[in-house]
2 protein chains.
Amino acid sequence: MNDHELWRELGQQLRVDSIRSSSAAGSGHPTSSMSAADLMSVLMARHLRYDFGQPDDPRNDHLIFSKGHASPLLYAMYRAAGAISDDEMLTFRQLGSRIEGHPTPVLPWVDVATGSLGQGLPIAVGVALAGKRLDRLPYRVWCLTGDSEMAEGSMWEAFEQAAFSGLDNLTAIVDVNRLGQTGATRHEWDLDAYAVRIRAFGWHVIAIDGHDVAAIDAAYVEAAATTAQPTAILARTEKGRGVAAVANQNGFHGKPIADAEAAIAELGGERRLSVSVAKPQGNGTPHRFPTSGELRLPAYEVGGKEATRKAFGDALTALGSARGDVVALDGEVGNSTYTEEFAGTHPERFFQMYIAEQQMVATAVGLQVRGWRPFAATFAAFLARAYDFVRMAAISRADIVLAGSHAGVSIGEDGPSQMALEDLASLRAIHGSTVLYPSDANQTAALVPQMANRSGIVFMRTTREKTPVIYAPDEAFAIGGSRVVRQTDDDQVTLVAAGITLHEAIKAADALGADGISARVIDLYSLKPVDADTLLAAAAATAGIVTVEDHSPEGGLGDTVLDALARASLHPPVVKLAVRIMPGSATPAEQLAAAGIDAEHIAEAARALARSRVSA
Amino acid sequence: MNDHELWRELGQQLRVDSIRSSSAAGSGHPTSSMSAADLMSVLMARHLRYDFGQPDDPRNDHLIFSKGHASPLLYAMYRAAGAISDDEMLTFRQLGSRIEGHPTPVLPWVDVATGSLGQGLPIAVGVALAGKRLDRLPYRVWCLTGDSEMAEGSMWEAFEQAAFSGLDNLTAIVDVNRLGQTGATRHEWDLDAYAVRIRAFGWHVIAIDGHDVAAIDAAYVEAAATTAQPTAILARTEKGRGVAAVANQNGFHGKPIADAEAAIAELGGERRLSVSVAKPQGNGTPHRFPTSGELRLPAYEVGGKEATRKAFGDALTALGSARGDVVALDGEVGNSTYTEEFAGTHPERFFQMYIAEQQMVATAVGLQVRGWRPFAATFAAFLARAYDFVRMAAISRADIVLAGSHAGVSIGEDGPSQMALEDLASLRAIHGSTVLYPSDANQTAALVPQMANRSGIVFMRTTREKTPVIYAPDEAFAIGGSRVVRQTDDDQVTLVAAGITLHEAIKAADALGADGISARVIDLYSLKPVDADTLLAAAAATAGIVTVEDHSPEGGLGDTVLDALARASLHPPVVKLAVRIMPGSATPAEQLAAAGIDAEHIAEAARALARSRVSA
């Protein structure tokens, strides 16, 4: 067999195996796999550089299936490469199998989970940025995308960022099979429609017949030879290619082939071709950035005032000096989040993502694929823009830090569009996440380096306003800890707060003390994991708990406390103070008062609790 | 004064007033207002058709500030139009003022809240779609966008949708002032960079000097004369135009002018021009769709099986027959959400949004601006893609229904990328939201028409799998209610569930009954608002509560129960069963078991609770 014959045969094998695995599973997407089979055949046979025995080899290329539902094709490639056995391939979608319905990094050759369309290409941009700007290695990033997902705006954030960054190490392979889940795509087989758009965004574009192996090969050669620009290969393909009963017909999305045996026969039967995917060559030493060694965190004078967002920026900059693997990203608000300090000190490790929060999180996910430790920052409210990317990042087992500033009504005059009031709820609900909400600048600084050592999605919420510095610079604050700020032997009530409301709680405790009511005050700066023991001790010792948060009543600090108590079967009275109104514009102090979460409201709630104890 | 002189003078007045209001507030964005002042001057003086005395006139044009931070400019226009007084304008950003930091519909002339960039244009597309396809009225939609927000992918979803729908009633006015918050935008003053992109997406594009009133006027004339295509006017402008101390300089974003008095003098001083904005003319009767009158909801036989997602689609279709104002949107998964039935029966009122969830929610928000009742559906997991749009929709006081199918691990083999496990938490946290999670097909059908009558963000979570039909077709289910499915006079434990887990709870109750343990079972189909009374009665009557949900442990059904109990100062033992693992692929039954939320795990938790009561 000559090369072309071999590639065509391999393409047929990938089709057959896509049918076999999805038929064994009774579900899956064989037709979406079959359209791209020739594209992947030629890629793995001649262009991909990858050592399946050493998936962590820094020289390896990266192959990301943005169209994650074509997982049967990916697994068929792994089988052809000898990475998995035929038997394992046929465990597709079974309980306990690594061969999941959509690819996840449970498999060592999968960089990131895909299956939420429009995310693979943005993440591929992140990996390619790592190659160009951080690792400084010549690996290539290949991304197989669908045509349906071109409707996702995130794809265009990716096209824009990739061209702007001159990512000639990135190739998007667009499988234009014309058919989506329910019918034809917007542009069907109008390759020009895609070409003019992607070219307008600054890419080199090649349009081909996606079943012509010679044309595919030539396109990959041209992509690899293209400099200063990423390349998009627009491949006209047929969904279900090769099986007349389904080829290029609507109604067969996400379904096994009805008569698999006949379809396999039509494709020429099962094959046992194996492909020796070329291993990467040459230098494999990623660039390392020089460091100053010792971590010198910023220190703030007790009794002064500083915003936790500023302390975050200061500490991140210090961490970047001590650790060369720490990188920062921002959504064009670096003078608000204070990543501008990191950008100034460590410009090579700063990524300006402009106002594209989805691409920002995707880039962070892509950078951590290569072992970098990204901190991505914007207003906490605008992290909501990337919520699906955060959700998928957890499935990708990604280790990323998200920093959200300007939390809550206490931002003041800007009004509700800029206020994060749902961030604690939405980020606590992410599997394996860490949620921090520091109250003080020194505490913030102490937590920042720990975030870089933690697995999963690590979120820190910071405050716009300057707040009193109450902890000494050398105090230790662990993730999962808390701090009892006020305590006596005969506390009557407990106030639990974090961030800006801690300072209101302290003022409330002062007012209560003047009334003869002793209040314990707990700084619950770590919401997930939470220091249940301290809460339980307070519950046991006092008449009840007032929780207070600059956040929606649902899913935030108050619910964290209720959950911790319920788990311990402790059930004291708990009064939740939270933002139950739709705020407008006002000063920070007016906002806290209007929302019922200032010192006065806290004291009032605590007095009622203390009275109920007396009367009980 | 001739027209051009008048327009220039009005532009200067808008600048002066933007400075005055932001200086009075001590915050705000005068420089971002000043760049667009001439664009808005000419618009309001000659092209806008709007009756400020009758903001609900269906013939009115719509003006949406996608760059919501330019609110001082918008308020200066209102003042020039005589809609607000100078005094009210100067209450900008004060407590209780309608003149908020970013525009919200607290003002009757503001359609939607903006301030999260990249949302105004997608919503404008929705309003323009209402004009073309539903109202069938000739009003125009004008949308002022910034250049920074071009980085948001959602803008490109909007450009794509608008051209695909031939929205020649839509004009985007792009204020290319070159400077973002922290520095220059990606493309600075390269109007061609924008032109080639937007033109590639199918728009008519006009590039002008945004301070040349004649060119602006000509561009609006050309936009209005353009058919079959939307028009984008790319206006090269100077941020801070007219004040040398700030004009076209970095570092003055979002800050009042330091020397306001000198700046106002430089602009020629205060003016008191008033503009009679032209009122709309002609026919003002929106199209109305014929209806069948009576609502005939689908009925499912008790003892049969049906998926709640299917019942949703059936009921929505029936509702559409009875109510001509109900419209449906889908993210290209209509054969999964069953909006395909609505699309088949009411094709004129169905909006295929392709895989662009942000644009889907934005369109829904735009359609409800004109009084239509949109139901937008996709997999619940993918609503996460539009979370910031949902957050902003609440601030817009929008009335929209979101339907999310395929919730939880019980979808089975597709794996975690397709599973909504954070949707209850994230949507409960939205201000004023309603969160429903029906357990049965007839119950689903009964709730659908109520959703169309409810204010705010109304979310229904549905299940992929067919589940037993347990309620009769004529049973009533109110939003805010619950249903006690099993009850005796001596219940020992309470099981609270919803959706697919209700059926597991019923099986668990059967198993417990065989052990001599009587379990009350509550179907908590309405999570927000919640039927606290039924929960409290159960808490008082039984040894404890087991909650079970196909969702993350944070912010879902269990936390809803804990919150309701805490508010009533009732504190029974509560055991929360939820999805604490990262799922893979498996059958629905295997998934429920692996996550510890199937009948067996529920019964086990209930037995432990009952035992603890005995031993206590």
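The values are calculated or read from the model by the stated rules, or taken from the named source; none is laboratory data. Quick caveat, the model's predicted, so the values are computed rather than measured. For neighbour counting, all protein chains shown are included, and Cβ atoms are generated from backbone atoms with ideal geometry for every residue, glycine included. The accessibility values were calculated without ligands, DNA or RNA, using every heavy atom of the protein model including side chains. Shrake-Rupley method; radii C 1.70, N 1.55, O 1.52, S 1.80 Å.
Some values worked out for this structure:
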item: Filtered residues of the range B:80-101 (kept if more than 9 Å from chain A (Cβ to nearest Cβ) and surrounded by fewer than 24 Cβ atoms within 10 Å (Cβ to Cβ)); result: B:ALA81, B:GLY82, B:ALA83, B:ILE84, B:SER85, B:ASP86, B:ASP87, B:GLU88, B:MET89, B:LEU90, B:THR91
item: Checking A:ALA564 against (1) part of a helix (DSSP H, G or I); (2) free of Cβ contacts under 8 Å to residues at least 24 places away in the same chain, the condition it does not meet; result: (2)
item: Criterion (in contact with a Phe, Trp or Tyr (Cβ under 9 Å, 6 or more places away or on another chain), open to solvent by 10 Å² or more (accessible area, probe 1.4 Å) and at the interface with another protein chain (Cβ under 9 Å from one of its Cβ atoms)) met by exactly one of B:GLU357, B:GLU422; result: B:GLU422
item: Residue list for the range A:557-582, filter: touching an Asp or Glu at 6+ places or on another chain (Cβ under 6 Å) and at the interface with chain B (Cβ under 7 Å from one of its Cβ atoms); result: A:ASP559
item: Lone qualifier among B:GLU554, B:GLU590 - being part of a loop (DSSP other than H, G, I, E, B), facing chain A (nearest Cβ under 9 Å) and among the charged types (D, E, K, R); result: B:GLU554
item: Residue match in the range B:600-611 (condition: surrounded by 23 or more Cβ atoms within 10 Å (Cβ to Cβ), in contact with a helix residue (DSSP H, G or I) (Cβ under 9 Å, 6 or more places away or on another chain) and part of a loop (DSSP other than H, G, I, E, B)); result: no
item: Output for the range B:102-114, where each listed residue is over 21 Å from B:ALA356 (Cα atoms), in contact with a His (Cβ under 8 Å, 6 or more places away or on another chain) and within 11 Å of another protein chain (Cβ to nearest Cβ); result: B:HIS102
item: Subset of the range B:23-48 [open to solvent by less than 10 Å² (accessible area, probe 1.4 Å), outside any helix (DSSP H, G or I) and within 14 Å of another protein chain (Cβ to nearest Cβ)]; result: B:GLY28
item: Matching residues in the range A:486-519 - criterion: being closer than 17 Å to A:LEU536 by Cβ and surrounded by 23 or more Cβ atoms within 10 Å (Cβ to Cβ); result: A:VAL493, A:THR494, A:LEU495, A:VAL496
item: Selection count where residues are of a type in the set (A, V, I, L, M, F, W, C) and either in a helix (DSSP H, G or I) or open to solvent by 10 Å² or more (accessible area, probe 1.4 Å) (or both), scope the range B:108-122; result: 4
item: Residue among A:ARG15, A:ARG8, A:ARG20, A:ARG59 that alone is over 23 Å from A:GLN249 (Cα atoms) and more than 14 Å from every other protein chain (Cβ to nearest Cβ); result: A:ARG59
item: Selection count, the range A:472-485, where residues are in contact with a Leu (Cβ under 8 Å, 6 or more places away or on another chain) and either buried (at least 17 other Cβ atoms within 10 Å of the Cβ) or under 13 Å from A:LEU535 (Cα atoms) (or both); result: 4
item: Among the residues listed as B:GLY282, B:GLY366, B:GLY324, the single one being open to solvent by less than 40 Å² (accessible area, probe 1.4 Å), in contact (Cβ under 8 Å) with a residue 60 or more places away in the chain and not in a strand (DSSP E or B); result: B:GLY366
item: Within the range B:374-418, considering residues that are acidic (Asp, Glu) and farther than 30 Å from B:ALA599 by Cβ, the one surrounded by the most Cβ atoms within 10 Å (Cβ to Cβ); result: B:ASP388
item: Those residues of the range B:327-352 which are within 14 Å of another protein chain (Cβ to nearest Cβ), part of a helix (DSSP H, G or I) and open to solvent by 40 Å² or more (accessible area, probe 1.4 Å), in sequence order; result: B:ASN335, B:GLU340, B:GLU341, B:GLY344, B:PRO347
item: Of all residues in the range B:198-209 being under 31 Å from the mean Cα position of the chain (by Cα) and open to solvent by 20 Å² or more (accessible area, probe 1.4 Å), the one that is farthest from the other protein chains (Cβ to nearest Cβ); result: B:HIS204
item: Per-region count, the range A:426-455, residues under 20 Å from A:SER410 (Cβ atoms) and open to solvent by 20 Å² or more (accessible area, probe 1.4 Å); result: 0
item: Counted residues, the range A:526-544 - those being over 24 Å from A:ALA380 (Cα atoms) and in contact (Cβ under 8 Å) with a residue 60 or more places away in the chain; result: 2
item: From the options A:ALA543, A:ALA568, residue that is modelled with pLDDT under 95, open to solvent by less than 40 Å² (accessible area, probe 1.4 Å) and either within 21 Å of A:ARG483 (Cα to Cα) or among the charged types (D, E, K, R) (or both); result: A:ALA543
item: Complete set of residues in the range A:285-297 that are open to solvent by less than 50 Å² (accessible area, probe 1.4 Å) and small (Gly, Ala, Ser); result: A:GLY293
item: Check on A:ALA311, closer than 30 Å to A:ALA76 by Cβ and of a type in the set (Gly, Ala, Ser); result: no
item: Where B:ASP56 falls short, out of the listed (1) surrounded by fewer than 24 Cβ atoms within 10 Å (Cβ to Cβ); (2) in contact (Cβ under 8 Å) with a residue 60 or more places away in the chain; result: (2)
item: Residue within the range B:131-138 that is within 9 Å of chain A (Cβ to nearest Cβ) and either of a type in the set (S, T, N, Q) or assigned to a helix (DSSP H, G or I) (or both) present; result: no
item: Qualifying positions in the range A:571-602 - closer than 22 Å to B:LEU565 by Cα and either among the aliphatic types (A, V, I, L, M) or at pLDDT 95 or above (or both); result: A:VAL574, A:VAL575, A:LYS576, A:LEU577, A:ALA578, A:VAL579, A:ARG580, A:ILE581, A:GLY596, A:ILE597, A:HIS601, A:ILE602
item: Lone qualifier among A:GLU222, A:GLU238 - being out of contact with any Asp or Glu (no Cβ under 6 Å at 6 or more places or on another chain) and not in a loop (DSSP other than H, G, I, E, B); result: A:GLU222
item: Which listed residue is buried (at least 24 other Cβ atoms within 10 Å of the Cβ) and in contact with a helix residue (DSSP H, G or I) (Cβ under 6 Å, 6 or more places away or on another chain), from A:VAL469, A:VAL458; result: A:VAL458
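Each row is one residue, and each column tells you yes or no for (1) within 11 Å of chain A (Cβ to nearest Cβ); (2) without any contact (Cβ under 8 Å) to a residue 60 or more places away in the chain; (3) buried (at least 24 other Cβ atoms within 10 Å of the Cβ).
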position: B:ALA128; (1), (2), (3): no, no, yes
position: B:ALA158; (1), (2), (3): yes, no, yes
position: B:ASP168; (1), (2), (3): no, no, no
position: B:VAL174; (1), (2), (3): no, no, yes
position: B:ALA184; (1), (2), (3): yes, no, no
